[in-house]
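**Q** Quick one: the structure is below, and I'll ask about it shortly.
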Amino acid sequence: MKGIKISSHKNLSENTFTIYNKPKYIYIPLIVGTDTDLTVLVKKDDYVCKGEMVARSKGKFSIPLHASVSGTVIGFEDKLYHNGTMIKSIVIENDFKERIEEKQNNVNTISSYSKEEFLETLKNAGILGMGGAGFPTYIKYETNGPIKTLVINAVECEPYITADDSLGVQKAGEILETIDAILEIFHIEKAIIAVKKNHKKLIHAFQKNIGTYVKIELKMVPDRYPMGWERLLVETVTGKTYQNLPIEVGVVVNNVSTIYAIYEALKYHKPLIERIVTITGDMIKHPTNVLVKVGTSIHEVIEFIGGMKRNKDIICIAGGPMMGVTLPNDEVIVTADMNALVVLKQQEEEIEHTCMRCGKCVQVCPAQIEPVLIKDAYQEKEALKTLNVNRCCECGLCSYICPAKIKVREYVRKAKETLRKDDPNERLS
Ligand code: SF4
Ligand code: SF4
């Protein structure tokens, strides 16, 4: 069986929920995925409504960014983004009037959309993969081939994070209604909601509401990491394997929070301007799932839920400890694809020893590649070409398991960069 059992630490924030919706300022980082070449649609002193488009990416997969409050654009500032870099951001001063654009008052029947209307609505609402992928969702449905199975990823396998779990328990009815509508709009045969077998409350919430949805199946998957990785999940719940993308075998995968964002877009024309973020870790006084406006500073949210136990000798990680990015501080801005901030006690730097060729990293690798060989050849482009480096999902298991404390995953990341050098079209998984 692929993946391994690791400590979840989810008990810290499980079954918690609060709302923080009064930030004085909102910061909209001008970035979509890795694309920072955006068209900015507002200027200093402009008044914006909540939900109004303020910027748009220009590329092939164009996606807009929206104001999450009503108020005045007071300028631009560099703010910390969850990938650890400073990104130019639009600053909006909140007038707390929550003024919205007229079209958001309409309530629509979500199953009555045509395919074209569905795609257009998702595109305009800026719906992205909310599990951390940040990939525009409409593209997954913009396919010529038939979609046979819709897989809903409610696994949330990364330790500490309980944001999807919190949303799913509260909104199971709306999520099921949306899945059913998507099945109808795209004539999809069935949907599978994948949940970890020990997420009892979430399973119960879906079971309570699933009654009349005969095409939707709830599947319990083993509590192993990285079960939420798209490739492993599709294989586990459908038995199908693919080369590059799940659509090759007629499968579309959406994260459960993304499905709820689709619900709000279809039902109310509401863009993606809020999300649940898990603020947790042993250095947070009261770990909590918090519904926040996109653009809120996490530092403010931490203060709101009671602060940190201490503010030095800590480590802040955007996302979980396995796949996340270590940040210099907690002043990171919430974006639609950021699901958690984990604050932990700083540990002493572990000393790397010499590789003992034990092969453990190869045994645990869910991508079935050879991390130790990639590590050895991380600067040698020709050698790397035969090692399927881009199958790596950056799950971190090779580093986690390594008895020599070698940061194997970091070498694999560097190997990806080596492959990308002089070859910008090199496909990264
Ligand atoms: S090589 Fe990549 S996929 Fe394999 S264990 Fe390491 S991080 Fe995970
Ligand atoms: S797990 Fe560590 S020590 Fe063992 S082969 Fe892999 S890199 Fe070497």
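**Q** Considering each of Asn390, Asn425 in turn, give the residue that is touching a Ser or Thr at 6+ places or on another chain (Cβ under 6 Å) and modelled with pLDDT under 95.
**A** When all the criteria are applied, what remains is Asn390.
**Q** While we're looking at this one, here's another question. Just one of (1) within 16 Å of ligand 2 (Cβ to nearest atom); (2) modelled with pLDDT under 95; (3) more than 26 Å from Arg231 (Cα to Cα) trips up Gln368, so point out which.
**A** (3)
**Q** Just checking, how many residues over the range 225-265 are more than 15 Å from the chain's Cα centre (by Cα) and in a loop (DSSP other than H, G, I, E, B)?
**A** 8
**Q** Further question: Given the conditions (1) free of Cβ contacts under 8 Å to residues at least 60 places away in the same chain; (2) within 10 Å of ligand 1 (Cβ to nearest atom); (3) assigned to a loop (DSSP other than H, G, I, E, B), report the number of the one that Gln379 does not fulfil.
**A** (2)
**Q** Shifting gears a bit: If you scan the range 381-391, which residues turn out to be touching a helix residue (DSSP H, G or I) at 6+ places or on another chain (Cβ under 9 Å) and exposed (fewer than 13 other Cβ atoms within 10 Å of the Cβ)?
**A** Listed by number, the list holds a single entry, Lys385.
**Q** Now for a separate question. Which ranges mark the helices (runs of 4 or more DSSP H) fully within the range 114-217 that have 3 or more residues being touching a strand residue (DSSP E or B) at 6+ places or on another chain (Cβ under 6 Å) and buried (at least 18 other Cβ atoms within 10 Å of the Cβ)?
**A** Correct list: 163-185, 200-209.
**Q** Taking His269, is it away from ligand 2 (no atom under 16 Å from the Cβ), modelled with pLDDT under 95 and over 27 Å from Glu77 (Cβ atoms)?
**A** Against the criterion (away from ligand 2 (no atom under 16 Å from the Cβ), modelled with pLDDT under 95 and over 27 Å from Glu77 (Cβ atoms)), His269 qualifies.
**Q** Of all residues being touching a helix residue (DSSP H, G or I) at 6+ places or on another chain (Cβ under 8 Å) and among the hydroxyl-bearing types (Ser, Thr, Tyr) in the range 93-114, which is modelled with the lowest pLDDT? Just the residue, please.
**A** Ser111
**Q** Looking at Thr326, is it in contact (Cβ under 8 Å) with a residue 40 or more places away in the chain, under 14 Å from the mean Cα position of the chain (by Cα) and at negative phi?
**A** The answer is no for Thr326.
**Q** Here's a check for you: in the range 396-410, which residue that is aliphatic (A, V, I, L, M) and assigned to a helix (DSSP H, G or I) is surrounded by the fewest Cβ atoms within 10 Å (Cβ to Cβ)?
**A** If we filter the range 396-410 for residues that are aliphatic (A, V, I, L, M), which is where we start, we get 397, 401, 404, 406, 408.
Okay, now just the ones that are also assigned to a helix (DSSP H, G or I), so 397, 401, 408.
On the way: Leu397: 26, Ile401: 18, Val408: 26.
Here the residue is Ile401.
The values are calculated or read from the model by the stated rules, or taken from the named source; none is laboratory data. Just so we're clear, the structure is a prediction, and the values are computed from it rather than from any experiment. Methodologically, a virtual Cβ is constructed for each residue, glycine included, from the backbone with ideal geometry; neighbour enumeration extends over all protein chains shown.
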